[in-house]
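Participant: Mind looking over this structure? Questions follow.
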Amino acid sequence: VKYFSESVEETFSESESEDSDESYFESESEQESDSEDDSQIYTKQPCRYYNRGGCKDGASCSYLHVCKYFLTGSCRYGSSCKLSHSLGGRRRSSGACASAEDQSAASNPQLTDGRPYQWQINGGKGWKDVENDHIIEAQYSLPHTKSIKIYNTPYGAVSIDFIKIRVYGKNLKVRRLDDGNTVWNWYCTLKRKWRKYGDKDSKGNPGPVKSSDIERKFQSDPKSSFTFTAGVETFQIKFPEMRQVGKKKNRKVTRRPVFRQQQARAGAALLAGSFQTLSVGTKPQWQFEGNGGNWHTFKHRPGTSSDCSITSDDIESKYRLNPSDTMKFKINGQPYKLDFGAMIQINQTNNRKRKIRRVLV
């Protein structure tokens, strides 16, 4: 069983206002009615009539009677929300007093079974945990990772699109449950790299706005925007479009979680109903794209024209120190550089670029 993660290769100019790779995973099923918002597209679970104030189907409704903003971690009302903050929750009473059960659920919101996160897939017979989903979460936490492909599942190879949080090309649903304690980082593209808001520049100067400030605004209203100034220029981060807009430049923005390692769970019985077949190895392997689209692993090749000064393990060690860093090496004596932020290899003699990727085997 293998996982393969794909990184976004940014090839647009800094002043370009539209990017072609946004539609990479688009399909006809992506078109939703105007009455559905992003959270419904995300899970297809919360009942829209319940969220609007009343569902005539009541307990027999096939959708969840749960606050749709709570599912995305963006409910501005928190424990005072009149809607349920529990997957098994019922609608709150419209009166001044709510039941003790509802008050308890609202004061201690929890969607997962106690884990920091849970990735699940639904093939039409209910949601099932994806075992070893820390692999998915680790890739999702990286701003440049666009998707991940899971092999040898009960549904065959499954591609999860991290931009839309959907399964591409199959009649499957995917969702990420959260315990409500995730720390979210915000990034924008700068010179073909993803840069976290608030990070220091090459001169040691901090950014004009912190990632936490953006997240606070997003939590209060995910359909709004965040405005800040840098020098004499004003910028606006538009949450619905996930774009940073300035007077001259329009940049991509993304929001990714800070990775948290799952704690081991005792007993295989706890995994009942999960993808038991997804017990996978997690050894990373670094590869570059050669001529004809074939992928080759970085390794020493003494006595050949492609003798490399570094191995896949060397790259992984450097990458873990800083996923946005660069790394210099040589091939047959010629200088090269790896750019983890852009996921490319650069020949520093002729500036030729090749794609690189990190595969988990």
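Every number here is computed from the coordinates shown, using simple stated rules; none is lab data. All values reported here derive from a predicted model rather than from experimental measurement. All Cβ positions, glycine included, derive from the backbone under ideal geometry; neighbour counts span all protein chains shown.
Participant: Taking amide H atoms as placed 1.01 Å from N in the peptide plane, list the residues 5 or more away in sequence, or in a different chain, whose amide H sits under 5 Å from that of Val209.
Facilitator: Long-range HN contacts for Val209: Gly198.
Participant: What ranking do 311-321, 235-245, 52-62 get when scored by the average of other Cβ atoms within 10 Å per residue, highest first?
Facilitator: 235-245, 311-321, 52-62
Participant: Right, another one. When Lys and Arg each count +1 and Asp and Glu each count -1, what net charge do the other residues less than 13 Å away from Pro323, Cβ to Cβ, add up to?
Facilitator: So the environment of Pro323 carries a net charge of +3.
Participant: Plugging the Kirkwood radius over Cα pairs into Stokes-Einstein for the range 114-244, at a temperature of 10 °C and a viscosity of 1.306 mPa s, what D comes out in µm²/s?
Facilitator: Translational diffusion coefficient: 94 µm²/s.
Participant: Could you give me the ³J(HN,Hα) list for the range 323-337, computed from phi with Karplus coefficients 6.51, -1.76, 1.60 and θ = phi - 60°, whole Hz, x at Gly and Pro?
Facilitator: Result, rounded to whole Hz: x, 10, 7, 10, 8, 9, 7, 9, 10, 6, x, 8, x, 9, 9.
Participant: Give a residue-ordered list of calculated ³J(HN,Hα) values for the range 226-234 (Karplus: 6.51 cos²θ - 1.76 cosθ + 1.60, θ = phi - 60°; whole Hz; x for Gly, Pro).
Facilitator: Rounded to whole hertz, the list is 10, 10, 8, 10, 9, x, 9, 9, 9.
Participant: I've got another one for you. With bins 10 Å wide starting at 0, give me the P(r) of the range 284-360 over every alpha carbon pair, in whole percents.
Facilitator: 19, 59, 21, 0
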